[in-house]
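Single-structure report; data block below.
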Amino acid sequence: MTAAAQQAAAAQQAAAPQEGVRRLRAGVIGLGWAGQQHLAAYAADPAVDLVALSAMEEHLLARFGEEHQVPGRYRDWRQMLAEAELDVVSIATPTFLHAEMAIAALEAGVHVLTEKPMAQTGEAAAAMVEAARRAGRVLEVSFNHRRRGDVTALKTVIDSGVLGDIYYAKTGWIRRQGIPGLGTWFTKAESAGGGAMMDIGIHMLDMTLHLLGEPGVTAASAMTHAEFGPRGRGGSGFGVSQLEDGAPFEVEDLATAFLRLDGGATMLLESSWAQWIPEDLCYVTLYGADGGATIEWAGGPGNHRITVWTEVEGIPAELSPQVGEDRGHAGAIAEFLQAVRSGDVAAHDGSLALRRARVIDACYASAAAGAEVAVEG
């Protein structure tokens, strides 16, 4: 069993579907790493029938179709939507395809879970939300990192009131070197919509807003830089990567932003694919009136830390909350399926992810203008 399948099986604890629960017919479009996490989660759910896969790569269709005994295998995703009689579909393709595929699926009556980022622009994301509302179907975006055990533990601490009113947050995902797919769709402006901020900064934005209780973001002041990618440096391997002919590096490899939040709180957000630092680092640090907290993970697996600073009866105290398991993509898929079965489509129409997309739009607009930009409501 693959690691993805093991994680999915662990997240789907129930040995059999509850009596009366209707089985759902699921499909997956895109069979890269993210798509593999989705199909493993569906395959591990005893109340789901994984009936269709779509990808351009014939070897991946054959491999995962055989591994999970999926009867429907399509190179044409439109044909899959027309023939497979799906209830739900996951979209794990390059960003520029998300809106077109999601809207087509929603119009076909299928509930949709798409990978992050939601779309390459806020305008495209808004069109997805409108399609979900017209169709009366669930639209969700898979922000898998908010399902980490340390994030869940910190959310519990915050909701208990230990930190008091939180007025300042610092968050970021910075890499020593890790530009994905130099010369591919990842580094082309039209297909990706942006670079490090769009790819991994969006995770930290989502995670931090989730921890803070979903305050609105009112304004952004941001800057972007491209120092490694244009020289063919900073790729996922070591040394200099060969850029494809006719595929210049068109996005940023580092971005920083200062965000104003409702109620007067502020956030600093940074993201980089390549930067002169000792090792990769992800972090969220929060400062409240009654305490502070941080979660960090650096380097490889297991290097995770969560710490809370406060006072207990006037005495300074450092707390280490208990951390549960990481639920990752399997957790995101389980919550998506729960939303579908609940029938509460109004609460799951993609609006939350659209708000993230609007913030990213404002960050790029600010970087281009060299001035603070209001976030569209």
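The values are calculated or read from the model by the stated rules, or taken from the named source; none is laboratory data. Bear in mind the structure is a predicted one, so any value in this text is a computation, not a measurement. Cβ coordinates were reconstructed from backbone atoms using ideal geometry, including for glycine residues, and neighbour counts include every protein chain displayed. Ligands, DNA and RNA are excluded from the accessible area calculation, which covers all protein heavy atoms including side chains. Shrake-Rupley method; radii C 1.70, N 1.55, O 1.52, S 1.80 Å.
Just a few scattered comments:
- Any hit, segment 16-38, residues being at pLDDT 95 or above, in a strand (DSSP E or B), small (Gly, Ala, Ser) and under 15 Å from Ala334 (Cβ atoms): yes
- Every test in (1) under 19 Å from the mean Cα position of the chain (by Cα); (2) closer than 30 Å to Arg358 by Cα is passed by Asp87 save one, and that test is (1).
- Picking from residues in segment 60-79 that are basic (Lys, Arg) and touching a helix residue (DSSP H, G or I) at 6+ places or on another chain (Cβ under 9 Å), the one that is farthest from Trp33 (Cα to Cα) is Arg78.
- Picking from residues in segment 162-178 that are open to solvent by less than 40 Å² (accessible area, probe 1.4 Å) and in a loop (DSSP other than H, G, I, E, B), the one that is farthest from Val312 (Cα to Cα) is Gly178.
- Scanning segment 300-340 for residues being assigned to a loop (DSSP other than H, G, I, E, B), polar (S, T, N, Q) and either touching a residue at least 40 places away in the same chain (Cβ under 8 Å) or in contact with a His (Cβ under 6 Å, 6 or more places away or on another chain) (or both) gives a total of 1.
- Selected residue (criterion: surrounded by the most Cβ atoms within 10 Å (Cβ to Cβ)) from residues of segment 316-344 that are modelled with pLDDT of 95 or more and β-branched (Val, Ile, Thr): Ile333
- Unmet requirement for Val70, which otherwise passes all of (1) in contact with a strand residue (DSSP E or B) (Cβ under 6 Å, 6 or more places away or on another chain); (2) under 13 Å from Leu337 (Cα atoms); (3) without any contact (Cβ under 8 Å) to a residue 40 or more places away in the chain: (2)
- Top-ranked residue of segment 227-258 - restricted to ones that are modelled with pLDDT under 95 and assigned to a strand (DSSP E or B), ranked as farthest from the chain's Cα centre (by Cα): Val240
- For the criterion of being open to solvent by 40 Å² or more (accessible area, probe 1.4 Å) and within 27 Å of Val28 (Cβ to Cβ), Glu372 fails.
- Matching residues in segment 51-96 - criterion: being of a type outside the set (A, V, I, L, M, F, W, C) and either closer than 18 Å to Ile333 by Cα or part of a strand (DSSP E or B) (or both): Ser54, His68, Gly72, Arg73, Tyr74, Asp87, Ser90, Thr93
- Residues of segment 35-46 that are in contact with a strand residue (DSSP E or B) (Cβ under 9 Å, 6 or more places away or on another chain), among the hydrophobic types (A, V, I, L, M, F, W, C) and open to solvent by 20 Å² or more (accessible area, probe 1.4 Å): Ala43 alone.
- Residue within segment 266-280 that is open to solvent by 60 Å² or more (accessible area, probe 1.4 Å), at pLDDT 95 or above and outside any strand (DSSP E or B) present: yes
- Residue check, Ala5 modelled with pLDDT under 95 and either open to solvent by 10 Å² or more (accessible area, probe 1.4 Å) or under 18 Å from Gly328 (Cβ atoms) (or both): yes
- In the set (1) modelled with pLDDT under 95; (2) closer than 21 Å to Gly172 by Cα; (3) open to solvent by 40 Å² or more (accessible area, probe 1.4 Å), the condition left unmet by Trp297 is number (3).
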